[in-house]
Amino acid sequence: MRKWVMGMLAAALILGLAVPALASGDPTGANVPADKLTAIGLNFVWVIVAGSLVFFMQAGFALVETGFTRAKNAAHTMGMNLMVFLVGAIGFWLVGFPLMFGNVGALATLTGTNVLSSGLAISGWNIIGTKGWLLTGEAYDVAVITMFFFQMVFMDTAVTIPTGAMAERIKFSAVIVGSFFISMLLYPVFGNWVWGGGFLAQLGPKLGLGHGVVDFAGSGVVHAIGGMAALAAAIVLGPRIGKYKKDGTSVTIAGHDLPMGILGTIILFFGWFGFNAGSTLAGSDLRLAVVEVNTMMAGAVGGFAALMYWKAKSGKFDIGMMCNGALAGLVAITAPAGFVSPMIAVVIGGIAGLLVVFSLEFIDKKLKIDDPVGAISVHAVNGIWGIVALGLFADGTYGAGLNGVAGGVTGLFYGNAGQLVAQLIDVGVIVVWGFGLSYLFFKGYDKLFGLRVTPAEEIAGLDLPEMGALAYPDFVLAEEQAGAEAEPAAPHRVAARAYAD
Amino acid sequence: MRKWVMGMLAAALILGLAVPALASGDPTGANVPADKLTAIGLNFVWVIVAGSLVFFMQAGFALVETGFTRAKNAAHTMGMNLMVFLVGAIGFWLVGFPLMFGNVGALATLTGTNVLSSGLAISGWNIIGTKGWLLTGEAYDVAVITMFFFQMVFMDTAVTIPTGAMAERIKFSAVIVGSFFISMLLYPVFGNWVWGGGFLAQLGPKLGLGHGVVDFAGSGVVHAIGGMAALAAAIVLGPRIGKYKKDGTSVTIAGHDLPMGILGTIILFFGWFGFNAGSTLAGSDLRLAVVEVNTMMAGAVGGFAALMYWKAKSGKFDIGMMCNGALAGLVAITAPAGFVSPMIAVVIGGIAGLLVVFSLEFIDKKLKIDDPVGAISVHAVNGIWGIVALGLFADGTYGAGLNGVAGGVTGLFYGNAGQLVAQLIDVGVIVVWGFGLSYLFFKGYDKLFGLRVTPAEEIAGLDLPEMGALAYPDFVLAEEQAGAEAEPAAPHRVAARAYAD
Amino acid sequence: MRKWVMGMLAAALILGLAVPALASGDPTGANVPADKLTAIGLNFVWVIVAGSLVFFMQAGFALVETGFTRAKNAAHTMGMNLMVFLVGAIGFWLVGFPLMFGNVGALATLTGTNVLSSGLAISGWNIIGTKGWLLTGEAYDVAVITMFFFQMVFMDTAVTIPTGAMAERIKFSAVIVGSFFISMLLYPVFGNWVWGGGFLAQLGPKLGLGHGVVDFAGSGVVHAIGGMAALAAAIVLGPRIGKYKKDGTSVTIAGHDLPMGILGTIILFFGWFGFNAGSTLAGSDLRLAVVEVNTMMAGAVGGFAALMYWKAKSGKFDIGMMCNGALAGLVAITAPAGFVSPMIAVVIGGIAGLLVVFSLEFIDKKLKIDDPVGAISVHAVNGIWGIVALGLFADGTYGAGLNGVAGGVTGLFYGNAGQLVAQLIDVGVIVVWGFGLSYLFFKGYDKLFGLRVTPAEEIAGLDLPEMGALAYPDFVLAEEQAGAEAEPAAPHRVAARAYAD
């Protein structure tokens, strides 16, 4: 073993043994009164189970992104989606979580025994948190650690969204660095502003704009931020070789395994039941049932709307449109899920299903930004739609006391223009911080180290040069020359194509 | 955007904003006394988590059906399995749920705070329910909405079962319409009769036939009804081209991805733990443990029995038989899961594992009905076996008060012939309503619009003409001419086949 | 139907009806006081949900093992992974569970209403348990049955680990018999010694060695025992044809579907959240949050450490190393998960990630044992590391009263050498019992019936001769001659290989 490995291990060991000795939290729940143990336990079980479902979404993202891209890059695309979790967990543990939730007030609440059935305390115009490092000291506490678990898998969603937009041309090493960037800086700082008691949460109590920015489970915090990073990365990287003809016409590059993409979509849908309803942070918050049904209906209507709209337009039942429509509905309902009725969830999901189709066309054909799996349209565009939808449709039944403001959250159509203003400010900050900082990062990285593999590697496929192995070495693949312009000559394809013409 | 899209959205928006204003339910659980919140919360968490597992079964069905059919139709087969959920959710929300659970008494109970730890109230000889439209008004209530979530994913299972029997030759558009038919009419009306306080549930209290029809988690309501629709569809559609030779001999059409079929089976098994035990509708009903172990043992023994029986007969360890045997055991235990001990679950599962093998052979070779994945044998035949098994083996330990009848549910072998009679009536109604109505529907649809793609499309594969894309465009597929009679010439196949002969 | 089938069914039926009549347990939870029902229900729900996640790990094992081996054996490899569950459930129900947990004291506790929030009682120097047969009599009890559910899926993990080491050359029939051996004898007897109140658990109370052997969720009981069986089987079987050149050089045999391997890894990680935290056996044990985050961090750091170390060494981001590193971290944290802080989990996981790489190289290149998916390095080596790590790092915050010893569990670095001694004794017993008995079994079976398929079958692939069907009949596979030494000539491979050279 190399010396530096030994050195690192020794240092980690010393740190590991020394720091927890300072523990002042409640690492076993011993401070919870016996008569509250079942109630608190229910909340823990709910949050942990829901968080586990959210973790499983990583498989969904991996499958969607890999299935809708090409076989020659499948190990690379799928590999990114496991790696970002590994890196993200380390980055969020090292720096991200304290930045996001380490405000004095917030951490005090977190260490209280009722953390999971109450909101976070707010104090001051915080910009970042400063406590909870390495989950040691007062953060070696069952409540803080439950919160870490749930928030970590949320961060993981944000960090994996850009991989879809960067697929088939980015260096694996650049994705590692980019994942540290997102998990340690981009995501947690913005997260602090909305969920950690930061300034966007305080637009309500301090400036009277409704409840301040409200985002139930992260249409903005998670999806739009991840989508903005995807947009920035896609712009800096440029399109895949063969994606646009010399005259600018967009070429469809078919996904190599549509059943894989569908499986991924179903897994994402499944995980979303944890993502959204788990965000009650309490199993005794019965509103979680409404959250689930809103999630179900928005996703279903979104997928059906996109499927049928595209069928009317193109004559085919397009798998990609159906999947992206369902995901768009899910992204859009994520912010308002707790604040609207199922009827409104249907409306929000239906609009999302159409919006994602228009957006996919617009970004691909007009803006000519190459986003292999539609991550920008699904997560950025519909994330923003979700934030705005909350400002329009919140019906006042839920959210009393959120961010320290009395009464339920109400949107424009229920007479509260201030909430919509807060949500629009949120959109602005997402664009400036999410897109701006990401663009600076990816542009800077590209200048310094280079984001993109060589053209020869890209044409042959990234799997061998980057991962050292083919994804499917036992299968004969169709030949492909210089991207998608030259058509493969596999007999099945040729025979089948007769029907398409 | 087209005008009709705008018009539809405007109408939905107005409806969406107006209707919830009439809400008289309990949309946040505010009416639940504080000291019952943990108890009710536990039930909500249990039902929501179990329901999420049931939702995930959609992935299992998709994989089983796609893996056990051919590559040239994989996008179509897998696509159906996501689409039926989208359509089913809309249909069940629009019409199905109120028809199934909207009886006066049932809905009153549903809005009570103890809904999830008690049975449904029964009143009159109901045929359909009439309340709970669009989850608005008094149905905008956390208890009703929890019930909707769980019942919706159950319906989803019924709606996806026929896709396996219709695979590789049906028009995608026909499956959309068929899914509305099942989710809005076929399933919920029958469901009302057994679970919604309808007339089959009342055979006990009103006619003294045991507890009336009892079906713990839906061997009949879900699986046999779905299986009957599968049977009707398969008959109306007719066999795939190449499935039967001119002399009537059945040709085996191999599934294109056996690992995919196995993954689907494991996912279905996993989801079944939610399907069956979740049907207690209460986390504080400790019988759920017995339900789980019964489920586990019946599935395990069913799979092992089918595997070994087929090995004894054919000399091979057949993947399809093992998977279908496990699924048959799971289907059969679904009705009696709460009412028998693990020892009896082993017996029921073992019989199911043999029954499915006999049924697969009989339907394929004698009846010459082409059911590509064995949906009829697994769900219809073993669904009926499960209903009957309950009438034979229910041991009286559980079900006191069910359908308003005192004492536990007991079957013939424990001295109660009346229960078996009720179960047999259930079987009769399933055949008449489930098969009869489905046959009328599919036959009528076929006459009016045509159920089946053209022979040329079927031979080339449904993916391009129907979905506009190939499932696996990057892979070279073995050539196939005119169905399965002419053998492909791929080198691996030829080499490998030497061992089979 | 053959007569013996009828006879077997009749016998099973008679037994099934007669035995439960003797029931003296609590089959519905009727003996639980109403005011404890929510508390007990929470524990049941937690254990059942966690156990369901553990069941789902079967899909993860199936995918990892199949994805990292060759297409020509994919139906066989994947088929083994479903079959072992079916067989294991039967074996564990027939014999294993009573042997493991049927000690007088243990069973008495199990039938108590507080079973799931307390430890097991211990009495005498037990070697095996003797009660609980067929879950009948006093074992037809909700608490016992919940325990069975959870312990069965744990056993299932042990029984599936060896399939990875035996893949691509073992007879399917031998795996069936081997699975009965593990589920009925190897696993449950050892399990009794640690978890069933057996002699290893009593090294603490009787000999003063800390708390006796402590193994939170089974680094030793499950993973190292399974890994030892894998080691024995791999030795007895010998390497695959083509794995070692005549000069002894190890040849890399590439996995046929890397995305499948990654999906399996993510599913295993997901299931591990149930595996580890579910082992609290109580949803009201708030320590479960720490267990989850320890699990998450150890897996993440393990995967990242292996990925980066291999990148530094070979220049490639290796998918197999990343996956095995994550799994190694998960295996290693499984024993200490409840007894250390997240900071230490990072240390344990990081060491595991490096250890697995060294072990994979050592076993493959030095010992020349052919373990197709690295099961020995992941489960045996890191299982042992996990047991030892607990003896080093347990920080005393948790485990008060475990095995009847007062105070929390503390390891060497917190001043308790006795605990480390107990853990080292555990390692010794694992090697002697786990490897020794497995070696005797596999060697004996090989002599009597033969473990391995013929060379011709192995070269052509096991799917047709063993399973009667190809895994991927519609795809053209690359040709392969006599194992991996002769390279395939598929165009994509050739083109892509240019980059590797």
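Working only within the range B:392-407, note down all residues that are in contact (Cβ under 8 Å) with a residue 60 or more places away in the chain and among the small types (Gly, Ala, Ser). Across the range B:392-407, the qualifying residues are B:394, B:399, B:401, B:404.
Scanning the range A:310-322 for residues that are more than 7 Å from chain B (Cβ to nearest Cβ) and within 23 Å of the chain's Cα centre (by Cα) yields A:320, A:321.
Within the bounds of the range C:344-363, is there any residue that is surrounded by 24 or more Cβ atoms within 10 Å (Cβ to Cβ), in contact with a strand residue (DSSP E or B) (Cβ under 8 Å, 6 or more places away or on another chain) and within 12 Å of another protein chain (Cβ to nearest Cβ)? Checking the range C:344-363: at least one residue is surrounded by 24 or more Cβ atoms within 10 Å (Cβ to Cβ), in contact with a strand residue (DSSP E or B) (Cβ under 8 Å, 6 or more places away or on another chain) and within 12 Å of another protein chain (Cβ to nearest Cβ). The helices (runs of 4 or more DSSP H) found entirely in the range C:146-226 that carry 3 or more residues being within 14 Å of another protein chain (Cβ to nearest Cβ) and modelled with pLDDT of 95 or more are C:172-181. Scanning the range A:147-171 for residues that are in contact with an Asp or Glu (Cβ under 8 Å, 6 or more places away or on another chain) and either more than 30 Å from residue A:454 (Cα to Cα) or not small (Gly, Ala, Ser) (or both) yields a total of 5. Per the listing C:199, C:216, the residue uniquely surrounded by fewer than 24 Cβ atoms within 10 Å (Cβ to Cβ) and aromatic (Phe, Trp, Tyr) is C:199. Restricting the first member to the range C:289-309 and to residues that are within 7 Å of another protein chain (Cβ to nearest Cβ) and within 16 Å of residue A:82 (Cα to Cα), and the second to residues that are of a type in the set (Ser, Thr, Tyr) and crowded, with 24+ Cβ neighbours inside 10 Å, the beta-carbon pairs closer than 9 Å and six or more apart or on different chains are C:303/C:265.
Listed here are the residues, each with its yes/no results for (1) over 19 Å from residue A:382 (Cβ atoms); (2) in a helix (DSSP H, G or I); (3) modelled with pLDDT of 95 or more; (4) not basic (Lys, Arg).
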site: A:240; (1), (2), (3), (4): yes, no, yes, no
site: A:246; (1), (2), (3), (4): yes, no, yes, no
site: A:284; (1), (2), (3), (4): yes, no, no, yes
site: A:302; (1), (2), (3), (4): no, yes, yes, yes
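When each of A:201, A:174 is tested for being over 30 Å from residue A:448 (Cα atoms) and either in the same structural domain as residue A:337 (by TED's automatic domain parsing) or within 13 Å of the chain's Cα centre (by Cα) (or both), the lone residue that passes is A:201. Which one of the conditions (1) without any contact (Cβ under 8 Å) to a residue 12 or more places away in the chain; (2) within 19 Å of the chain's Cα centre (by Cα) does residue B:379 fail to meet, given that it meets all the rest? Condition (1) is where residue B:379 drops out. Scanning the range B:427-467 for residues that are more than 21 Å from residue B:385 (Cα to Cα), aliphatic (A, V, I, L, M) and away from chain A (no Cβ under 14 Å) returns B:437, B:440, B:448, B:451.
If the condition is being buried (at least 23 other Cβ atoms within 10 Å of the Cβ), assigned to a helix (DSSP H, G or I) and modelled with pLDDT of 95 or more, then the range C:393-417 contributes only C:393.
Pairing each residue of the range A:415-444 that is within 14 Å of residue A:200 (Cα to Cα) with any residue that is surrounded by 19 or more Cβ atoms within 10 Å (Cβ to Cβ) and among the polar types (S, T, N, Q), provided the two are 6+ apart or on different chains, yields C-beta distances under 8 Å for A:419/A:410. Please indicate, with yes or no, whether at least one residue in the range C:281-288 is more than 7 Å from chain A (Cβ to nearest Cβ) and surrounded by fewer than 24 Cβ atoms within 10 Å (Cβ to Cβ). Looking for residues that are more than 7 Å from chain A (Cβ to nearest Cβ) and surrounded by fewer than 24 Cβ atoms within 10 Å (Cβ to Cβ), one finds at least one in the range C:281-288, hence yes. Being in contact (Cβ under 8 Å) with a residue 40 or more places away in the chain, over 22 Å from the mean Cα position of the chain (by Cα) and more than 10 Å from chain B (Cβ to nearest Cβ) is the requirement here; does residue A:268 meet it? No: the conditions fail for residue A:268. Mind checking which pairs have a first residue in the range A:345-358 that is closer than 11 Å to residue B:8 by Cβ and not assigned by TED's automatic domain parsing to the domain that holds residue A:394 and a second that is in a helix (DSSP H, G or I) and charged (D, E, K, R), Cβ under 7 Å, 6 or more apart or different chains? Nothing qualifies. The number of residues in the range B:427-476 being part of a loop (DSSP other than H, G, I, E, B) and crowded, with 17+ Cβ neighbours inside 10 Å comes to 12. For beta carbons closer than 9 Å, sequence separation of 6+ or different chains, a first residue in the range A:1-23 that is more than 15 Å from residue C:346 (Cα to Cα) and of a type outside the set (A, V, I, L, M, F, W, C) and a second that is assigned to a helix (DSSP H, G or I) and at pLDDT 70 or above, the qualifying pairs are A:2/C:309; A:2/C:312.
Evaluated against (1) out of contact with any helix residue (DSSP H, G or I) (no Cβ under 6 Å at 6 or more places or on another chain); (2) under 27 Å from residue C:426 (Cβ atoms); (3) within 14 Å of chain A (Cβ to nearest Cβ), residue C:252 falls short on exactly one condition, (2).
Residue pairs whose Cβ atoms lie under 7 Å apart, separated by 6 or more positions or on different chains, with the first residue in the range B:125-139 and in contact (Cβ under 8 Å) with a residue 60 or more places away in the chain and farther than 22 Å from residue A:347 by Cα and the second surrounded by 15 or more Cβ atoms within 10 Å (Cβ to Cβ) and β-branched (Val, Ile, Thr), are B:128/B:189.
The values are calculated or read from the model by the stated rules, or taken from the named source; none is laboratory data. This is a predicted model, so every value here is computed, not measured. So basically every Cβ, Gly included, is an ideal-geometry build from the backbone, and we count neighbours across all protein chains shown.
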